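The values are calculated or read from the model by the stated rules, or taken from the named source; none is laboratory data. Small disclaimer: the values here were computed from a predicted structure and weren't measured. Cβ placement follows ideal geometry from the backbone for every residue including glycine, while neighbour counts extend to all protein chains displayed.
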Amino acid sequence: MRYHLTTFGCQMNDHDSERMRGLLESQGWSQTGERDDADLILFNTCTIRGSADDRFLGNLGDAKRLKRERPDVVVAVGGCWAQSQKEQIFEQFPFVDVAFGPSELTRLGELVARERIEAVGAFSLDGAFSSDLPARRERPHQAWVQISTGCNCVCTYCIVPSVRGRERSRPAADVVGEVRRVAADGVREVTLLGQNVNSYGRDLPREERATFAELLREVAAVEGVARVRYTSPHPKDMREDVVAAMAECPEVCAHLHLPAQSGSTRILKAMRRTYSRERYLDLVTRLRAAMPDLSLTTDLIVGFPGETDEDFEDTMSLVEEADYDGAYTFLYSPRPGTEAAETLDDDVPAEVKRERIGRLVDLVQATGRARAERFVGREAEVLVEGPSRTDPDLLRGRLEHNITVNFEGAAEPGSLVAVTIDSATSTTLRGRQSKVAALA
């Protein structure tokens, strides 16, 4: 039996998809690269952005065609969109056979097996961590490790608490145990995942409680792990002990994705982000004081309800003051079930949103290019990922700063090599492997 999996959305969805592949393949399924050849068509969905919904629905139309041509094919829809549409999905899309939310992943194999015999509808949450399932990683030397699920924040634009539930931390011993297992399996880089990673541990029983900083240090100390990343933190929970752990542990990468969402204190308040522009920039100052070479990236939303020209200019100036290495920029779109969609008018005209995001992207690229230039002429450690996507004669890897490097050289994926950087763009570096021996 063959399956085809399409993933939309964030790193948490990428992690869940690894578990879907591992679970299915442990039960005898094999993956096919062509949807037309699949006996099971599986989607792992996102509902955070309207663009993700649109891409998914386009793909779902293709599944409808295949279901019409081959009625025995199973169409399964998982993830956040499926959770948010549980009441309507089978009525609106009757060709869908199985729907499951993020916390129901552990039952995927059972549901697919039952679907081969009888129709299966929606079902209740079982609440297990997807990290408890087997995984089939896309890159053998890199692994996602889930440390928590859900979120206790109440950002007015965000649907995550509704579809992934309240925050629940995984015991530190389980997290470290998984890191030890993947390290023994050849993983060199682990990324700790959570909707709000740096509030980790507060819900654990007292005898199991650990702070996020303590967890970072434990993971960094695991033999065989060369790099530790994490995503995504909330600025309100970025404490000094976490900054110290990042600065003091060489395995913790000099990169931080710190979502700002807006540079306007007024809009941040309307978003319920619980920090001001000034507080965010003060945090950036403290981070750069502790780690002068830190690579800093962010998320920014354009056109949130009520955003004025002045509010937008505050976001533009935030990019300049924070001196970001990169940013994910999004046009605001109302998400059903969120407070913003239910109580605020989407009153920024579409053409204004497009003009603003065009200006913002140009500024982000200019800032990123200027930041990337600091690496030119330096010798840097690169974790090799494989062939370059743009030139098969080059290798592709990544700095600890999370910047892609295309370089001339000869090295196996998963190895750490020294590369001299010759040139830079806003998103990538170009270089050549140094004559010195590989670093690892």
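Odds and ends about this structure:
Quick grid of which residues meet (1) modelled with pLDDT of 95 or more; (2) surrounded by fewer than 15 Cβ atoms within 10 Å (Cβ to Cβ); (3) touching a Phe, Trp or Tyr at 6+ places or on another chain (Cβ under 8 Å):
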position: Ala366; (1), (2), (3): yes, yes, no
position: Val376; (1), (2), (3): yes, yes, no
position: Gly386; (1), (2), (3): no, yes, no
position: Val405; (1), (2), (3): yes, no, no
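- A single entry from Thr338, Thr425, Thr329 fulfils the requirement of being under 30 Å from Trp81 (Cα atoms), in contact with a helix residue (DSSP H, G or I) (Cβ under 7 Å, 6 or more places away or on another chain) and of a type in the set (Val, Ile, Thr): Thr329.
- Residue count for the stretch 244-270, restricted to those that are outside any loop (DSSP other than H, G, I, E, B), under 21 Å from the mean Cα position of the chain (by Cα) and at negative phi: 5
- Residue in the stretch 196-205 that is modelled with pLDDT of 90 or more and among the basic types (Lys, Arg) present: yes
- Scope the stretch 32-67; condition in contact (Cβ under 8 Å) with a residue 40 or more places away in the chain and either loosely packed, with under 14 Cβ neighbours inside 10 Å or assigned to a helix (DSSP H, G or I) (or both); matching residues: Gly50, Ser51, Ala52, Arg55, Phe56, Asn59
- Residue within the stretch 123-145 that is modelled with pLDDT of 70 or more, under 19 Å from Val197 (Cβ atoms), surrounded by fewer than 23 Cβ atoms within 10 Å (Cβ to Cβ) and of a type outside the set (A, V, I, L, M) present: yes
- Inter-residue pairs, beta-carbon under 6 Å, first surrounded by 14 or more Cβ atoms within 10 Å (Cβ to Cβ) and in the stretch 206-224, second outside any helix (DSSP H, G or I) and among the hydroxyl-bearing types (Ser, Thr, Tyr), 6+ apart: Phe212/Tyr200
- Residues within the stretch 236-257 that are in contact with a Pro (Cβ under 9 Å, 6 or more places away or on another chain) and crowded, with 22+ Cβ neighbours inside 10 Å, tallied: 2
- Scanning the stretch 275-302 for residues that are in a loop (DSSP other than H, G, I, E, B) and either touching a residue at least 24 places away in the same chain (Cβ under 8 Å) or β-branched (Val, Ile, Thr) (or both) yields a total of 4.
- Close contacts from the stretch 318-337, counting a first residue that is in a loop (DSSP other than H, G, I, E, B) and charged (D, E, K, R) and a second that is at pLDDT below 95 and surrounded by fewer than 19 Cβ atoms within 10 Å (Cβ to Cβ), with Cβ to Cβ under 7 Å and a gap of 6+ residues or different chains, come to Arg335/Ala341.
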